[in-house]
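Presented below is the structure to which this report refers.
Coordinate-derived values only; no laboratory data. Every value quoted in this text rests on a predicted model; they were computed, and no experiment measured them. Methodologically, a virtual Cβ is constructed for each residue, glycine included, from the backbone with ideal geometry; neighbour enumeration extends over all protein chains shown.
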Amino acid sequence: MHGRAIGTAVSLIVSVFSSAAKAQDETFFRSADLAWTGAFTVASYGLSRFDPKITKYFQQHRHQLNPTLRGVANVFTRVQETTLTLGGLATYGIARLSHARETSEIALHATSSIVAASLTSQLIRGPLGRARPKDATPMFEDQYEFHWFDGFANFEYRAFPSIHASSSFAAATALVMETRYRSPRSARYVAPIAFMLAAGPGYSRVYLGQHWASDVFMGAFIGSFYGARIVQYAHRHPDNDVDRFFLGARAQEGLRVLPEKGGFAFNYGLLF
């Protein structure tokens, strides 16, 4: 009898936690997100202890004069929220006009991730007002120089987090997640390339003295969070309001009989 009571209690606890997990899946933000954000914030602070050393390494005369390092930095610094957003919108528009549903879905989810990550980063760095490495006093040394709420009006006080990093990692993560859902075997090839390219803008901003390494680290976390969560949510809720508005109703699977003038039409839809 005692063992049966324990078994019943365990079953009840499992049922409660299963229901809670299922309820969490129904929402976009989840309680665990606070813990993850806190963990990455602490890790970012830990990395910030080395910010001046990392920055000064790239600011060495020999590195600044290296044509390869500077060339890569100049190329990737142009890859930011504006260019990525415009590229995503263009891809989405072309795919919609050509009725390429799968491509338009991927483009929409990637663009949504970029916009969400960029807006979140803006909302954080405006109030913080962290000075960029080249604008800190002394230059490249004081990583803890903050000008509270001056980040909204002054470009030099918008270091933390890096929007270049958040937008590039949002796009890369969304692409990798979409690949995992649609072609799991291809993800192993797509992921290394996508994240290597995503790291480029962050490297460029550190090399050019625009961001500390901890800015890039936190930006990468924000971008990865939105890239993964938006794609995950969209696939778990394929008929969500955003997708329905921008992509139209999803085709129904199975045989449908549609009334037409003078008779009926048969239509078969297959989802894959």
**OP:** Give the peptides 105-114, 121-130 in descending order of average Cβ contacts within 10 Å, highest first.
**Re:** 105-114, 121-130
**OP:** Between Ala43 and Arg244, take the C-beta separation as r, use R0 = 35 Å, and let me know the FRET efficiency to the nearest 0.05.
**Re:** 0.40
**OP:** Calculate one ³J(HN,Hα) per residue across region 111-118 by plugging θ = phi - 60° into the Karplus curve 6.51 cos²θ - 1.76 cosθ + 1.60, and present them in order as whole Hz with x for glycine and proline.
**Re:** 5, 4, 5, 5, 5, 4, 5, 5
Original post:
Among Val115, Val190, Val42, Val231, what is the fewest-to-most ranking by other Cβ atoms within 10 Å?
Top reply: Val42, Val190, Val115, Val231
**OP:** Would you please give the residues with an amide H less than 5 Å from that of Arg130, counting only those at least 5 places away or on a separate chain, with H modeled from the backbone geometry?
**Re:** His147, Ala159, Phe160
Original post:
Can you pull the three principal axis extents for the Cα set of region 30-236, in Å, largest first?
Top reply: 55, 43, 31
